[in-house]
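Shown next, in structure tokens, is the structure this report addresses.
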Amino acid sequence: MAGSCCGGDLGVDNAMCSTGVRDFTRVEELMRAGHREEDGTVRYVLSVPDIHCGACISAIERGLNGLEGIVSARVNLSLKRLTVILDSAERSPGFVIAKLDALGYPAAAVDLGDLGNVEQKRKSDRLLKSLAVAGFAAGNIMLLSVSVWSGATGATRDLFHLISGLIAIPVVAYSGQVFFSSALNALMARRLNMDVPISLAVILALGMSTYESLTGGAEAYFDAAVTLLFFLLIGRYLDQVMRDHARSAVLGLARMTARGGTVIGADGKAAYVPVDEIVPGMVMRVAPGERIPADGRIVKGASDLDRSLVTGESAPVSVSPNTDVEAGTLNLTGPIDISVTRKADESFIAEVMQMMEAAENGRGRYVRIADRAARIYAPAVHLLSLFAFVAWMIVTKGDWHASLYTAISVLIITCPCALGLAVPVVHVIGAARLFGQGILMKDGSALERLAEADFAIFDKTGTLTTGTPRIAASSISADDAPAARALALHSIHPASRAIAAFLSDADNADITDIHEVPGYGVEGMLDGRKIRLGRAEWAGQIADVKADEALARGGLSFASEGGEIAGFTLSETLRPGAAEAVGALSGQGMTIELLSGDSAASVKAIAGTLGIATVRAHATPASKIARIKGLQAEGHRVLMVGDGLNDAPALATGHVSMAPASASDIGRMAADFVFTRDTMMSVPFAREVALKAGRLVRQNFGLAILYNCIAVPLAVAGFVTPLIAALAMSGSSIVVVTNSMRLARGGRLLPGFKRKEKAGQSTEALA
Amino acid sequence: MNVLIFLVPIALGLGVLGLGAFLWSIRTGQYNDLDGAAERILDEDADEKPLG
């Protein structure tokens, strides 16, 4: 059952995982990520991106539970994760991975320390508990208050006030801590934030109401204080949950950079070494399909390297002994031994990380719209309340009680209930809307920044193009097609895969003695004749053509011994929706530029197809940053869309940034949005949602201000009773939330954006 | 109004009961995998107890 509906692209994965070295690395990584429990069992958390339905759950759990050594195996469908508990630390978790591979669910280790989610989880749990307690208290106190408002008098009223106080005081002490500690921090740093007036209002209201209840006074504000906390906690909780959700979704995408590698010792034995223990001088063996863990120089073997994530070059580069290689590049065709020249934390990746940090510090200056509002609002509220107090003291000629009462009602009535909900509710709904279309958002401020962007810069390789080449044309004859396909299937070189896909209709051919010649191509025997698929000059050696003719032809060729030579023309595949996305963004009034590390010819070709006027080729990470900084100095706000390691600093520099799910780890970390669907239409869609969210946030602020314009004069004049305060506060909050809900509804989907998510879309990233 | 002596504690007690149930459900991980829970209900053999 699982096989019919789930399961990844097995063909690809088997080819990628066939090497023993790779499995060894995966198991070692997993062992290190295991978490020992007190009773001696070990808990492993695996990311399994192909889990997506109920049948997947039962297939995996039935497959694993009952195997020797497994205490329990449980799938989490929401997070696409599997938690396996093994009986002892001595048992290698390799068999779990092997079993999962056999079931068709390739898995990768999730390092719990890596996620750092334990503390975050505690934070949102704490908020949820505070919210629950506040909700309970708000409901019960409101019940008692309604009785008072509807006419309870004398002893009954006093009793109800006392019960309310008994509930409210411990609840505020527990649930209000979030606000009190934040307000205290702000005051210590001599700043004002929104939490200062909130804390002040809640504490003063509580204090005054307690005094009133004990002295048998007629009015108490317990309900207002607790309801205020309840509403504000809803806003806080939504904000926190959205961030947790986005982060775990981003981390849930499989990791790409090597976390360690296989080191060949002096005695010739292979051992796994984690990336931070790799030192210069070590000799590392990198199997085809693995990424190179540290910068080094090849000492043995030859291969082709896919450098697209590192430099943005689209075509693989062939390498041989004495070539320098960078960490993060993908080894494609042959096993290579490299002598490490730099430690991992000094490698190219580390340089990129440093540039990125520098860029992110610059961006840290962005102030969220809610905080900007708080900067004006908080002092205004305090001044207003003080003004009310002074005015009443003058008018009533020193009536402390009445003046303080009015001042506190002003604080309560102006308390930013609606303001506290105005932004998070819109952002949560926006995030849900984006998530529904496969776009993950890191935090709410990204939505604000995306709405402000007016200039879009795209990377080419892996962003506008998919990074996988395709065959545009071929002169191969129908007789040769089966042989060429069989050869192509043997290799994971992107060009071979493109040929295999192009010839997918051809029959099977019985080829013997197939082997890959790194840097050149694939060779095999068919009916006693040698056949080759690869570089033209190499394939041409066995064919019936002159050497210089074959060389002049260039590109990829197929040849059989003494026979014809046939050529293939490669071209880059555009990401689906790329042209429409460029059109849509221009339509939204954005200027678009293409900035790539690839050669001028291929950049111009893509720009021409998409109708992008400005292009820059041969861009390095530093020149990309320089270009963005230049534009920002001119007053533009830049949206950067890119995927590679070389784009990461630019992603961090841009005012806002997006990356596809196929991007490098660092690229994904640097980006504000990650889109998991193939289509480029994700970019204009996200911007449209951001623009709409921005409008709604401003409307909400407008509504909150309007409410204050009516409520504040009443409060200053002393007309506000606890009943009016409760109605006004709840009323304004409901209006703001209802207005925010409009983001979830309506709004057209962009054309071509209805494609369903494909099963196993991230298998490639995982392998 | 003597009935209040019973009614108020009963109202509060029911509220505390609900609050307690909610806190229990958080602590035992009932909300850890909402999508999974929706699918598991259809599977007769599925283990319904969440991972704590």
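Odds and ends about this structure:
- Chymotrypsin sites (Phe, Trp or Tyr not before Pro) within the range B:9-46, DSSP loop, no more than 15 other Cβ atoms inside 10 Å: B:Y31
- Computed 3J(HN,Hα) for the range A:439-452, one whole-Hz value per residue from the Karplus formula 6.51 cos²θ - 1.76 cosθ + 1.60 where θ = phi - 60°, is 10, 9, 10, 6, 8, x, 5, 4, 5, 5, 5, 5, 5, 7, glycine and proline marked x.
- Residue-normalised accessible area of the protein assembly as shown, expressed per residue, 1.4 Å probe, Å²: 43 Å²
- Relative contact order (%) - criterion: Cα under 8 Å, at least six apart; region: the range A:478-563: 22 percent
- Complex-versus-alone comparison for the range B:1-40, residues with a loss of 30 Å² or more in accessible area, probe 1.4 Å: B:L4, B:V8, B:L12, B:L19, B:F22, B:L23, B:I26, B:N32, B:D33, B:D35, B:E39, B:R40
- The range A:88-102 - phi-based ³J(HN,Hα) in whole Hz, Karplus 6.51/-1.76/1.60, Gly and Pro as x: 8, 6, 6, 6, 6, x, x, 5, 5, 5, 4, 5, 5, 4, 5
- Over 29 Å apart at the Cα level, from the set A:K269/A:K343; A:K80/A:K123; A:K604/A:K624; A:K80/A:K624, are A:K80/A:K624.
- Summed buried accessible surface, chains B and A, 1.4 Å probe, nearest 100 Å²: 2100 Å²
- Each residue of the range A:182-196 was assigned a 3J(HN,Hα) from its phi angle through the Karplus expression (A = 6.51, B = -1.76, C = 1.60, θ = phi - 60°), giving 5, 5, 5, 4, 5, 5, 4, 8, 6, 10, 10, 10, 4, 6, 5 Hz with x at Gly and Pro.
- When both bridge partners sit in chain A, DSSP labels roughly 80% of those beta bridges antiparallel.
- Cβ-Cβ FRET estimate between A:R297 and A:I514, R0 fixed at 25 Å, reported to 0.05: 0.25
- Degrees between helix A:117-149 axis and first principal axis of chain A (Cα, 0 to 90, nearest 10): 30 degrees
- Area of A:T573 that stays accessible when all protein chains are in place (1.4 Å probe, Å², to 10): 40 Å²
- In this Cβ point-charge picture (+1 for Lys and Arg, -1 for Asp and Glu), the protein assembly as shown has a dipole of about 2980 debye about its Cα centre.
- Listed residue (A:L77, A:A715, A:G644) projecting farthest to the positive dipole end of chain A, Cβ model: A:A715
- Normalised contact order of chain A, rounded percent, pairs of Cα under 8 Å and 6 or more residues apart: 14 percent
- Helical content alone sets the calculated 222 nm signal of chain A at -16500 deg cm²/dmol, taking -39,500 (n - 2.57) per DSSP H segment of four or more residues and averaging over every residue.
- Within chain A, the longest run free of exposed loop sites, counting trypsin sites (Lys or Arg not before Pro) that sit outside DSSP helix and strand states (H, G, I, E, B) and have at most 12 other Cβ atoms within 10 Å, spans A:547-744.
- Charge dipole (Cα centre; +1 on Lys/Arg Cβ, -1 on Asp/Glu Cβ; no other charges) of chain B amounts to roughly 580 debye.
- Mean separation of Cα contacts under 8 Å, 6 or more apart, over the residue count of the range A:558-700: relative contact order %: 19 percent
- Between amide H atoms placed 1.01 Å from N, distances below 5 Å from A:R575 occur with A:T465, A:T466, all of them 5 or more places distant or on a separate chain.
The values are calculated or read from the model by the stated rules, or taken from the named source; none is laboratory data. Model, not experiment: these values are computed from the prediction. Methodologically, a virtual Cβ is constructed for each residue, glycine included, from the backbone with ideal geometry; neighbour enumeration extends over all protein chains shown. All accessible areas refer to the heavy atoms of the entire protein, side chains included, with ligands and DNA or RNA removed. Shrake-Rupley method; radii C 1.70, N 1.55, O 1.52, S 1.80 Å.
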